[in-house]
Amino acid sequence: MSGVSVIICAAGRGERAGFSQNKILVPHLGITPLERCLAAFCLPEIKEILVAINEIDKPAVEEITRKYAHARVIIGGATRTQTVYNALLATGEEIVLVHDAARPFITGEMIKNCIQSVQTYGSGIAAIPAVDTLVTADENGKTDGYPNRDKTYYIQTPQGFLTGELKAAYQTAFAAGDTLFTDDSSLYSKYVRPAQLCQGSPENKKLTFPSDFYAPARVGFGVDTHAFGKEQDFILLGGVKIPSKSGLKAHSDGDVLVHALMDALLSAAGLLDIGHYFPDTDPAYAGANSMELLKKVVELVASQGFKAQNASVAVQAETPRLAPYIDEIRHSLSAALGLPPSAVGVTAGTNEKLGYVGEGKGVTVYASVLLANK
Ligand code: MG
């Protein structure tokens with residue numbers, strides 16, 4: 001048939017990514033790499049998609065492939081070469097594209113380029129020019145060859161071939177016991193003819209290491225105000241007791257700084273505000289120790305996969321004088337957030353006698369945080 005078959009290689013364990021499961025099943029930017037690939041290959045010319053997997057991943061993968069009418073699962077082998085061979089034997093279209101599930105950022109345009117190259121040259125191997133100098137070395141690390149950088153490329157997938165030619169090449173390779181190839185273009189080039197490169201893209205990145213899965217940093221902002229008037233000779237800021245002619249009125253211990261910081265953390269993680277998690281109508285939080293609540297918020301944020309990278313807090317208070325306590329507050333917050341004190345900034349100022357802060361009626365605190373993946 002004159003359509004295109006796609007083989008998606010997903011049978012690896014993805015061990016270098018350091019997850020407890022196959023990396024192509026770990027959501028990245030909101031979707032698993034496998035599903036992002038499947039969505040990209042939903043093009044009219046593509047008649048079937050074979051997802052080559054490990055037996056162990058079968059239930060999870062089938063749950064994903066079920067949504068794609070032309071996709072089906074096939075069990076791979078012990079090596080990549082064996083896996084592709086198994087899948088290849090099950091393909092029925094004239095052209096076959098082999099793609100690694102760990103490259104989820106493949107675009108429709110790249111896929112079309114690859115198919116066009118197969119139609120014109122008999123093969124199409126996505127590749128980009130090397131930007132680093134490449135070297136070969138022996139097992140002791142001694143260099144033994146410097147290929148001319150102008151002639152070197154990083155090979156990607158998809159790699160497209162005429163199905164009949166690739167099947168024949170695999171048969172010959174297996175008959176010769178030659179079964180350890182890291183990609184299909186090398187096997188094809190050895191047993192058929194030099195493969196034709198086509199345009200890959202730097203965005204078509206392979207997810208390999210834990211850092212490849214990091215999401216962009218998330219910023220968060222929080223603000224809180226409490227009024228003076230509690231019969232008490234101190235206020236709490238960041239868990240630090242600061243002498244004051246009156247305390248801050250609150251259902252909890254009135255640590256206005258920690259409240260602003262907690263909201264910043266929750267907001268950055270896309271969670272709801274502290275009123276949702278620790279309602280002031282709940283007697284359980286009467287006089288609550290805000291530093292203890294902060295610990296819970298740090299855990300909540302961690303449960304979403306995030307950790308604070310730094311925090312910046314600005315206190316507006318006409319009174320009491322805060323300068324002597326700033327360092328202690330920074331240390332207290334840094335311990336709670338698991339950060340070095342240098343990653344926690346606390347500034348304080350008056351409001352020049354203006355408004356409720358200026359009249360000494362209350363304290364307002366603004367807090368911002370930056371979260372990144374744990
Ligand atoms: Mg509050």
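Of the residues that make up the range 244-257, is at least one in a strand (DSSP E or B) and either of a type in the set (Asp, Glu) or under 13 Å from Val363 (Cβ atoms) (or both)?
Looking for residues that are in a strand (DSSP E or B) and either of a type in the set (Asp, Glu) or under 13 Å from Val363 (Cβ atoms) (or both), one finds at least one in the range 244-257, hence yes.
For (1) under 24 Å from the mean Cα position of the chain (by Cα); (2) farther than 29 Å from Thr152 by Cα, each residue gets a yes or a no:
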{"position": "Phe181", "(1), (2)": "no, no"}
{"position": "Tyr188", "(1), (2)": "no, no"}
{"position": "Val192", "(1), (2)": "no, no"}
{"position": "His259", "(1), (2)": "no, yes"}
{"position": "Asp263", "(1), (2)": "yes, yes"}
{"position": "Gly270", "(1), (2)": "yes, yes"}
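Can you confirm whether Thr281 is surrounded by fewer than 16 Cβ atoms within 10 Å (Cβ to Cβ), in a loop (DSSP other than H, G, I, E, B), among the β-branched types (Val, Ile, Thr) and within 14 Å of the ligand (Cβ to nearest atom)? Outline the logic, then answer.
Details: surrounded by fewer than 16 Cβ atoms within 10 Å (Cβ to Cβ): yes; in a loop (DSSP other than H, G, I, E, B): yes; among the β-branched types (Val, Ile, Thr): yes; within 14 Å of the ligand (Cβ to nearest atom): yes.
For Thr281, the condition - surrounded by fewer than 16 Cβ atoms within 10 Å (Cβ to Cβ), in a loop (DSSP other than H, G, I, E, B), among the β-branched types (Val, Ile, Thr) and within 14 Å of the ligand (Cβ to nearest atom) - is met.
Being in contact with a helix residue (DSSP H, G or I) (Cβ under 8 Å, 6 or more places away or on another chain), of a type in the set (S, T, N, Q) and surrounded by 14 or more Cβ atoms within 10 Å (Cβ to Cβ) is the filter here; which residues of the range 111-141 pass it?
Scanning the range 111-141 gives a single hit, Ser123.
Report whether or not Lys241 is assigned to a loop (DSSP other than H, G, I, E, B), more than 16 Å from the ligand (Cβ to nearest atom) and farther than 30 Å from Asp100 by Cα.
Judged against the criteria, Lys241 is not a match.
Just one of (1) farther than 30 Å from Glu299 by Cβ; (2) touching a strand residue (DSSP E or B) at 6+ places or on another chain (Cβ under 8 Å) trips up Gly358, so point out which.
Evaluating Gly358 over (1) farther than 30 Å from Glu299 by Cβ; (2) touching a strand residue (DSSP E or B) at 6+ places or on another chain (Cβ under 8 Å) leaves (2) as the failure.
Within the range 277-287, does at least one residue satisfy the condition of being of a type in the set (Val, Ile, Thr) and in contact with a helix residue (DSSP H, G or I) (Cβ under 7 Å, 6 or more places away or on another chain)?
no
Given the residues Ala336, Ala343, which is the only one that is under 29 Å from Gly229 (Cβ atoms), in contact with a helix residue (DSSP H, G or I) (Cβ under 7 Å, 6 or more places away or on another chain) and of a type in the set (Gly, Ala, Ser)? Steps first, please.
Working: Ala343 fails: under 29 Å from Gly229 (Cβ atoms).
Checking each option against the conditions leaves just Ala336.
If I ask for residues that are in contact (Cβ under 8 Å) with a residue 60 or more places away in the chain, of a type in the set (A, V, I, L, M) and within 10 Å of the ligand (Cβ to nearest atom), which ones from the range 259-278 would you list?
Matches in the range 259-278: Ala260 only.
Can you tell me which of (1) without any contact (Cβ under 8 Å) to a residue 40 or more places away in the chain; (2) part of a helix (DSSP H, G or I); (3) surrounded by 16 or more Cβ atoms within 10 Å (Cβ to Cβ) is the one Lys296 doesn't meet?
(3)
Of Ser5, Ser20, which residue is of a type in the set (S, T, N, Q) and at pLDDT 90 or above?
Exactly one of Ser5, Ser20 is of a type in the set (S, T, N, Q) and at pLDDT 90 or above, namely Ser5.
Tell me, please, whether a residue that is aromatic (Phe, Trp, Tyr), at pLDDT 95 or above, at negative phi and surrounded by fewer than 17 Cβ atoms within 10 Å (Cβ to Cβ) can be found in the range 316-325.
The answer is no, given that none of the residues of the range 316-325 is aromatic (Phe, Trp, Tyr), at pLDDT 95 or above, at negative phi and surrounded by fewer than 17 Cβ atoms within 10 Å (Cβ to Cβ).
So, in the range 35-79, how many residues would count as being of a type in the set (Asp, Glu) and under 13 Å from Leu97 (Cα atoms)?
Here the count works out to 2.
The values are calculated or read from the model by the stated rules, or taken from the named source; none is laboratory data. Quick caveat, the model's predicted, so the values are computed rather than measured. Here Cβ is always computed from backbone atoms with ideal geometry, including for glycine, and neighbour counts include all displayed protein chains.
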